[in-house]
Amino acid sequence: MPKSTTACNDILGLIFNAAAIANLADNASSSPVTNLYVSLHTANPGVGGDQTTNEAAYTNYARFAVARTTGGWAAPSSGATSNAVLIQFPQCGASGATVTHVAIGTAVSGSGKVLYAGALNDSLPIANLIQPQFAVGALDVTET
């Protein structure tokens, strides 16, 4: 059974903007997660994977932190949100990778929980001096 658009917006607001869902769910008050971390992957991390599953490992690679606010992610509308900031990964050094997927998770490094993941429209070969990025509004997340 599908969720209403309002419920989808509320869920996205809770996850991406740290906005409580009245009488149902609150953002942790003692030590809330303040950032979500965007990661690049060379294959699908899958529904059973974590942020390290098929994660890119090119020279200088690191996950990109995005604040859980409307400054980091757009306020949800029509069951969708997108990045409100430029997501710019470190420039590749000597060794590269071909990226096919992107994920949003909970950890700056290690086996963080994948909250959302998806395939890129086209694979992205990353080589020396290439700096992968997502323009503002380019990374769309939908809740259905």
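Surface exposure of the chain, expressed per residue as accessible area with a 1.4 Å probe, stands at 52 Å². Residue ranges 7-15, 77-85 sort as 7-15, 77-85 when ordered by packing (mean number of other C-beta atoms within 10 Å per residue, highest first).
Can you give the FRET efficiency to the nearest 0.05 for ALA119 and ALA80, using r as the Cβ-Cβ distance and R₀ = 22 Å?
Numbers: r = 17 Å, r/R0 = 0.77.
E between ALA119 and ALA80, to the nearest 0.05, is 0.80.
Carbon-plus-sulfur fraction of the accessible area of segment 48-144, 1.4 Å probe, in percent? Before the final figure, lay out each step's value.
Details: 2410 of 4690 Å².
Carbon plus sulfur share of accessible area: 51 percent.
Placing +1 on the Cβ of every Lys and Arg and -1 on the Cβ of every Asp and Glu, with nothing else charged, gives the chain a dipole about its Cα centre of roughly 120 debye. Averaging the Cα positions of each part gives two centres, and for segment 70-84 and segment 109-134 these lie 19 Å apart. Stretched out straight at 0.36 nm per residue, the stretch from VAL47 to ASN60 would grow longer than its current Cα-Cα span by 2.0 nm. In order along segment 106-117, the phi-based Karplus estimate (6.51 cos²θ - 1.76 cosθ + 1.60, θ = phi - 60°) of 3J(HN,Hα) comes to 9, 10, 5, 7, x, 8, x, 6, 7, 8, 9, 8 Hz; Gly and Pro are listed as x. Shape summary of segment 91-144, radius of gyration then Dmax from alpha carbon positions: 12.8, 41 Å. The radius of gyration of the Cα set in segment 51-104, together with its Dmax, comes out at 13.6, 42 angstrom. Of GLY71, GLY105, GLY48, which is the most mobile in a GNM of the chain whose springs link Cα atoms less than 10 angstrom apart? Comparing GLY71, GLY105, GLY48 in the GNM, the peak value goes to GLY48. The angle between the Cα long axis of helix 5-17 and the main principal axis of the chain comes to about 60°, on a 0 to 90 degree scale.
In whole percents, the pair-distance distribution calculated for the chain from its alpha-carbon pairs, binned every 10 Å from zero, is 12, 40, 34, 11, 2, 0.
The values are calculated or read from the model by the stated rules, or taken from the named source; none is laboratory data. What you are looking at is a predicted structure, and each value in this text was computed from that prediction instead of being measured. Glycine gets a Cβ as well: all are built from the backbone with ideal geometry, and neighbour counts include every protein chain shown. Keep in mind that these areas ignore ligands, DNA and RNA; they rest on the heavy atoms of the full protein, side chains included. Shrake-Rupley method; radii C 1.70, N 1.55, O 1.52, S 1.80 Å.
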